[in-house]
Amino acid sequence: MPPATIARPRVGQPYRFTVAEYHKLGEAAVLGKRGVELLEGEIIHMSPIGHRHLLTVSRLNKHFVLRAKDRYDVHPGGAITLNDLSEPQPDVMLVQPEAEVPEKRLPVPEVTHLVIEVADASLRYDRGRKLRAYARAGVPELWIVNLRDDCVELYREPMSGKYRWTRTARGREKVAPARFPDAAIAVEKVIP
């Protein structure tokens, strides 16, 4: 396989990778086994996954798989293509069932019901650039499971790069995807 061809940036200007170029880098094994994602054309290094993070993702995955009833597919650790320059990798996604998405591609906001980010070391990044990228792309609902403060931050109704509706839940409070209120779970059951 020939090496990936990547266009050179203009002198003095940062280079923004496209999703297609990012995939070429992956195919050419340029990125190795590092935990990375593409956001706004930049390749972002991700922090290692710790024990609490892993348990939280496992609990969310199990909970949503058991309640799917063929209404959605659960994608743990998959990628979502937001636009030509962004392909983040949330911890869990609920997307339309595969049978309803005819194209063979990664999920896009139009077929996504819920994106979940589990955050400890990445909390500032997830609440900042990443949240804005999801809102600009029209991801209908985002949860940030905040392991620092043991809470779940819910974001809905994206408009003009922001979420108009937000809520924070703790302890015994239940959270549920807007489209699937019967899939509610108590915050204390999510966070170990």
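The values are calculated or read from the model by the stated rules, or taken from the named source; none is laboratory data. Keep in mind that what you see is a predicted model, and the values were worked out from it rather than measured. All Cβ positions, even for glycine, are placed from backbone atoms using ideal geometry, and neighbour counts span all protein chains on display. The area values use the complete protein model at the heavy-atom level, side chains included, leaving out ligands, DNA and RNA. Shrake-Rupley method; radii C 1.70, N 1.55, O 1.52, S 1.80 Å.
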R0 of 22 Å, Cβ-Cβ distance L55-D182: FRET efficiency to nearest 0.05: 0.35
Principal axis dimensions, largest first and in whole angstrom, of region 57-192 by Cα: 40, 33, 24
Volume of the Cα convex hull of region 129-192, divided per residue and given in Å³: 78 Å³
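Could you give the size of the charge dipole of region 32-167 about its Cα centre, using +1 on the Cβ of each K and R and -1 on the Cβ of each D and E, expressed in debye and rounded to the nearest 20? Intermediate results must be reported in sequence, preceding the final value.
On the way: 21 positive and 20 negative charges, 73 e Å.
In total the dipole reaches around 340 debye.
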Under 12 Å from the Cα of K189 - aspartates and glutamates, other chains or at least 8 residues apart: D150, E173
Cα→Cβ-extended label distance, 7 Å offset, between R124 and T166, nm: 1.7 nm
Taking the convex hull of Cα positions in region 77-143, its mean projected area over all directions (nm²): 4.3 nm²
Rounded accessible area of K69 (nearest 10 Å², 1.4 Å probe): 140 Å²
Label-zone membership for region 63-85, site E110, 7 angstrom Cα→C-beta point, backbone N under 14 Å: 81-84
R0 of 35 Å, Cβ-Cβ distance R16-A68: FRET efficiency to nearest 0.05: 0.45
Out-of-range pairs (alpha-carbon distance over 27 Å; input K24/K162; K69/K174; K24/K130; K62/K130): K24/K162
